[in-house]
Amino acid sequence: MPDCPDTVADRRTPTVAGVVGAGLAACVAVGFGYASLTGTIATLRTVHVWVGTAWTALVLMYGFIVAPLLRERDTDGAYAIVGRLVPATIVLLPTLAVVTITAGVTMALTYEIVWPMTTLIRTVLGVAVAIAGIALLGVLPTDVLIYRELRSANPDPERVVSLGARTATLLTVQGALQVMMLFLMLRVAAMAG
C-alpha cells in the first residue's frame with residue numbers, strides 16, 4: 001500500500017489537519033456572527049473582505065500550485081498530498097465560501113445595489129452563482145468522497161488521486177472566476193460610493 005498519510009492512518013481519531021480546519025472554520029463563523037449581530041456594515045465589510053481574501057488565496061494555492069504537483073507526482077506522492085490537504089479543507093473551504101457569499105449578499109441588499117439590474121450587476125450575479133456552484137456542488141461533494149475513501153478500511157490510492165485531480169481542476173476554474181470577481185467587485189464598490 002502506498003505511503004498512507006499519518007493523519008489518516010488511525011481512522012478512529014480526528015486528523016490534526018481536520019481539527020485545525022474545523023477550528024479555523026469556527027473562528028470564521030463566529031466572526032461572521034459577530035459582524036451580523038453588531039449591525040455595523042463596516043464590520044460586515046471587513047469580514048467579507050478578509051474571509052474572501054483567505055478563501056481566494058486558498059483556492060488559488062490549491063488550483064495553481066497543488067494541481068500541477070498532483071500531475072507531476074506518481075500515485076504514492078499524489079496520494080500523500082491529497083491525504084494531507086482534504087481533511088483540512090473539507091470544512092474550511094465551504095465555511096469560507098458560505099461566509100463570504102452571505103456577507104456579500106447582505107451588503108448588496110443593505111447598499112441596495114441589486115436594483116436597477118445593470119449589466120455589471122447581472123455579471124456579478126452570474127459569476128457568483130458559478131463560483132458558488134463549483135464550490136458547493138462540485139468541490140465539496142468530491143472532497144467528501146475523498147475523505148470517505150481515506151477513512152475506509154482499504155483506501156484506494158488511484159481513486160483518491162483521481163478525485164483529488166478533479167478537485168484541483170475545479171479549484172483552478174473557481175480561482176480564475178474569483179479573480180474575475182475581485183475586479184468586478186472593485187467596479188461595484190465604486191458604483192456604491
Note, ³J(HN,Hα) from phi for region 150-161, Karplus 6.51, -1.76, 1.60, rounded to Hz, x at Gly and Pro: 4, 8, 5, 5, 10, x, 9, x, 4, 5, 4, 5
Area of SER162 that stays accessible when all protein chains are in place (1.4 Å probe, Å², to 10): 70
Net length gained if the chain between ARG73 and ALA190 were fully extended (0.36 nm per residue, minus Cα distance): 37.7 nm
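What is the ratio of the Cα radius of gyration of region 48-159 to 2.2 N^0.38 Å, where N is its residue count, to two decimals? Each step should come with its number before you reach the end.
On the way: Rg = 17.2 Å, N = 112, 2.2 N^0.38 = 13.2 Å.
Here the Cα radius of gyration is 1.30 times the empirical estimate.
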In Hz, Karplus ³J(HN,Hα) per residue of region 60-68 (6.51, -1.76, 1.60; θ = phi - 60°; x = Gly, Pro): 5, 4, 5, x, 9, 10, 6, 4, x
Length-normalised contact order for region 57-158 - Cα pairs under 8 Å, 6+ apart - percent: 39
Largest to smallest accessible area among TYR34, TYR79, TYR147, TYR111 [probe 1.4 Å]: TYR34, TYR111, TYR147, TYR79
Within-14-Å neighbourhood charge of ASP143 [Cβ basis; K, R +1; D, E -1]: +4
Region 113-182-region 39-103 distance, computed between alpha-carbon centres (Å): 10
Note, ³J(HN,Hα) from phi for region 162-169, Karplus 6.51, -1.76, 1.60, rounded to Hz, x at Gly and Pro: 4, 5, x, 5, 5, 4, 4, 5
Assigned charges on the beta-carbon of Lys, Arg, Asp, Glu; region 44-127 dipole about Cα centre (debye): 120
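The values are calculated or read from the model by the stated rules, or taken from the named source; none is laboratory data. This one's a predicted model, so the numbers in the text were calculated from it and none came from an experiment. Neighbour counts are summed over all protein chains in view; Cβ atoms, including those assigned to glycine, are modelled from backbone coordinates with ideal geometry. When the accessible area is computed, the model is the full protein with side chains, heavy atoms only, and any ligands, DNA or RNA have been set aside. Shrake-Rupley method; radii C 1.70, N 1.55, O 1.52, S 1.80 Å.
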